[in-house]
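Only one structure is covered here, and it is reproduced in the block below.
Here, each number is a calculation from the coordinates, and none is a lab measurement. What you see is a predicted model; the values in this text were computed from it and never measured. Quick reminder, even Gly has a Cβ in these numbers, built from the backbone with ideal geometry, and neighbours come from all protein chains shown.
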Amino acid sequence: MRSMQKSGKQISSAVACAAEPKIKQITTKGRGDQAEALARRHLERHGLRWMASNFRTPGRGGGEIDLIMRDADGTLVFVEVRRRSRADYGGAGASIVGLKQRRIVFAARHYLMRWPIAPPCRFDVVLFDASADLALAEIVWLKAAFDAF
């Protein structure tokens with residue numbers, strides 16, 4: 001064990017390390033949750049009403065919808081939120097490939113089974129691209145970004 005001198009007293013490095021504050025690292029899930037919260041506030045400021053978050057279908061191979069919102073005209077809006085801190089490989093928007101779209105549509109159909117009559121629906125995407133600080137990232141909202149197939 002290494003020793004250090006501090007104001008005339010010798011302390012071990014284990015004690016010195018324990019006294020230092022621990023820096024909490026934010027996880028990828030934590031960053032995603034922050035992006036979803038920011039996207040929700042952005043959409044609410046533009047007149048959409050929150051219905052649900054992180055709706056998942058049961059079982060493996062299903063899908064998840066980040067946000068389900070209701071537009072002022074009654075349209076149900078299924079929102080995918082994507083954040084990328086780097087623009088490699090096309091950025092956040094390029095990561096919503098056909099398979100991801102099919103899973104979102106599958107989850108939306110599952111969600112709509114609760115409704116006696118399905119309202120008009122659309123699939124929006126909210127993107128946060130290439131910024132280490134989410135508060136400084138530009139919000140890109142793509143209405144009707146893709147269709148159910």
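How charged is the neighbourhood of Trp115? Take every other residue with its Cβ under 14 Å from the Cβ of Trp115, and add Lys/Arg as +1 and Asp/Glu as -1. Walk me through the numbers on the way to the answer.
Working: positive: Arg70, Arg109, Arg114; negative: none.
For residues surrounding Trp115, the net value is +3.
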Net charge contributed by nearby residues that have their C-beta within less than 12 Å of Gly62 (K/R +1, D/E -1)
+4
Cα-centred dipole magnitude for the range 26-146, charges only on beta-carbon of K, R (+1) and D, E (-1), debye, nearest 20:
400
Contour excess over end-to-end distance, with Cα ends at Ala144 and Arg60 and 0.36 nm allotted per residue:
27.6 nm
Based on the mean of other beta carbon atoms within 10 Å per residue, what is the order of 96-107, 136-147, 71-82, 50-61, most packed first?
71-82, 96-107, 136-147, 50-61
Dipole axis of the range 26-146 (+1 Lys, Arg; -1 Asp, Glu on Cβ), positive-most option in Val97, Phe55, Ala39
Phe55
Taking only C-alpha pairs under 8 Å that are 6+ residues apart, what is the relative contact order of the range 26-146 in percent?
24
Can you tell which of Ala72, Ile139, Trp115 lies farthest toward the positive end of the dipole of the range 26-146, using +1 and -1 charges on the Cβ of basic and acidic side chains (Lys, Arg; Asp, Glu)?
Trp115
For Met51, enumerate residues with amide H under 5 Å from its amide H, sequence gap 5+ or separate chain, H modeled in the peptide plane.
Ile68, Met69, Arg70
